[in-house]
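Structure first, then comments.
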């Protein structure tokens, strides 16, 4: 059997490794336009921050490791066209520009996503960066170490992580977000809390500008040196990082007749099958099922990509495996402030036709007399009609993420608020108050749903 894999970061590399374990005698070829494979792109902000000096620590497996297992890795080779009727893919060698056809019995598409480049005047000036690949991280870190001021465009997950990275590298930082709030994937009240908490610890090292649209960069052959916004603000900078989001790479799939989903990413079923026989897709180029609401979501995360790559490989190799979907779980950190969420936000739940109710509590993450005690603000959301938990968000310097992880398990189990309140969570003074903030929130929310009256 000939298995052809397009893309080699999280999903593609996982699919290759799993396929080789299942079918020791299969011919497996992986083509990628990248210069590296099997690396942790999520770790790039922490490399820039200086947590480790050697970027090679981000590499999980080398091409040589794969070759030893009989998986043939082809770097700097771009998939230009998929020809399903002939079971072939047209590949272009980016170094020689030579184009050639490759046959397959099973095709796994894992071509990921790419950064969104905003329509800003002079956006192609030198020293305007995106952060997606290993080379991006190397070039950006080199510039950071020579600079005094950096500008970040976008206040999402990567923007927050890079704000921390640049501040910890002793740079002055300006972050510009066009929306009224940063971290807009949270509910508005939680987004405002994030901004307030970051500003409360700001000692002048950074500035966060919201409701500002960058309209122009100024500079010369040496690179960008100034940023201008729509309201007339202008400030000097040594470099800019574009963190305006990513978009799935779907063009060659669409051109081949592969169906796209409601989110604009490739549509797949639980087996990671596309609408064309013997073609699978996984990773950042596909949409997922949001388990809580049974609706579609596009959530490009390395954790999802690895699971999807595994499922795609098992089914491509003749096995049976299903990837049921995601819960929308995510976490990041900025300057010791943890921001985490799972499931539906209150505004998303309302848009899907639920009648959501919520409570927000602020509590210590451990007993107050313990050292390193910190606050957590936790928002818990349920459906008024059924009492079913729909989602949660947590923000704070304390252990917010472990509370969200507990709630992710509850979401997967379809638990109601009352059922969750009866959960036997661990307690000891270094880890939690006697009544965990989760249980405080669940108790309060139980009183708001129709089935529970006090």
To the nearest 0.05, the calculated FRET efficiency linking residue 189 and residue 42 through their beta-carbon distance, R0 being 41 Å, is 0.90
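What is the calculated FRET efficiency for residue 81 to residue 269, with r their C-beta to C-beta distance and R₀ = 35 Å, to the nearest 0.05? Working shown, then result.
Numbers: r = 24 Å, r/R0 = 0.69.
With a Förster radius of 35 Å, E is 0.90.
Using DSSP, restrict attention to beta bridges with both residues in region 128-244 and report what percent are antiparallel, rounded to the nearest 5.
Working: 9 of 24 bridges.
Approximately 40 percent, going by the DSSP bridge assignments.
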State the extension gain, in nm to one decimal, for the chain segment bounded by residue 139 and residue 60, taking 0.36 nm per residue of separation less the distance between their alpha-carbons. 26.4 nm
The distance between the Cα centres of region 343-372 and region 55-114, in whole Å, is 43 Å
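By average Cβ neighbour count within 10 Å, what is the ranking of 53-59, 329-335 from highest down?
On the way: 53-59: 13.6, 329-335: 19.3.
Highest mean packing first, the order is 329-335, 53-59.
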Burial-style ranking of 105-111, 79-85, average other-beta-carbon count within 10 Å with highest first, yields 105-111, 79-85
Relative contact order of the chain, pairs being alpha-carbon contacts under 8 Å that are 6 or more residues apart, as %: 13 percent
Return the Rg/Rh value of region 336-446, two decimal places, where both radii are evaluated on C-alpha atoms and Rh is the Kirkwood radius. 0.97
Put in order of increasing Cβ neighbours within 10 Å, starting from the fewest, 303, 293 give 303, 293
With a cut-off of 16 Å, note down the residues of region 410-454 whose backbone N falls inside the zone around a label point 7 Å from the Cα of residue 370 toward its beta carbon. 425-440
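Per 0.36 nm of contour for each residue apart, how much would the distance between residue 355 and residue 211 grow if the chain were fully extended, relative to their Cα-Cα spacing?
Numbers: separation 144, 0.36 × 144 = 51.84 nm, distance 2.98 nm.
Stretched fully, the residue 355-residue 211 segment lengthens by 48.9 nm.
In what sequence, highest mean first, do 156-162, 248-254 appear when ranked by Cβ atoms within 10 angstrom? Please report the intermediate quantities before stating the final value.
On the way: 156-162: 23.1, 248-254: 19.3.
The most tightly packed comes first, giving 156-162, 248-254.
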Antiparallel content of DSSP bridges confined to the chain, in %, to 5: 65 percent
222 nm [θ] for the chain, helices only, -39500 (n - 2.57) per DSSP H run of 4+, per residue, to 500? -7500 deg cm²/dmol
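By how many nm would the segment from residue 422 to residue 347 lengthen if fully extended, with 0.36 nm per residue of separation less the alpha-carbon distance?
My answer for the length gained is 24.3 nm.
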If one computes the Cα centroid of region 387-408 and of region 1-31, what distance in Å separates the two points? 36 Å
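Can you figure out the FRET efficiency of residue 236 with residue 93, using R₀ = 25 Å and their beta-carbon distance, to the nearest 0.05?
Details: r = 42 Å, r/R0 = 1.69.
For R0 = 25 Å, the calculated efficiency reads 0.05.
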Reduced to Cα centres, the span from region 122-173 to region 188-252 in Å works out to 11 Å
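Just so you know, all these numbers are worked out from the coordinates, no wet-lab data involved. What you see is a predicted model; the values in this text were computed from it and never measured. Note: ideal-geometry Cβ built from the backbone for every residue, glycine included; neighbour counts use all protein chains shown.
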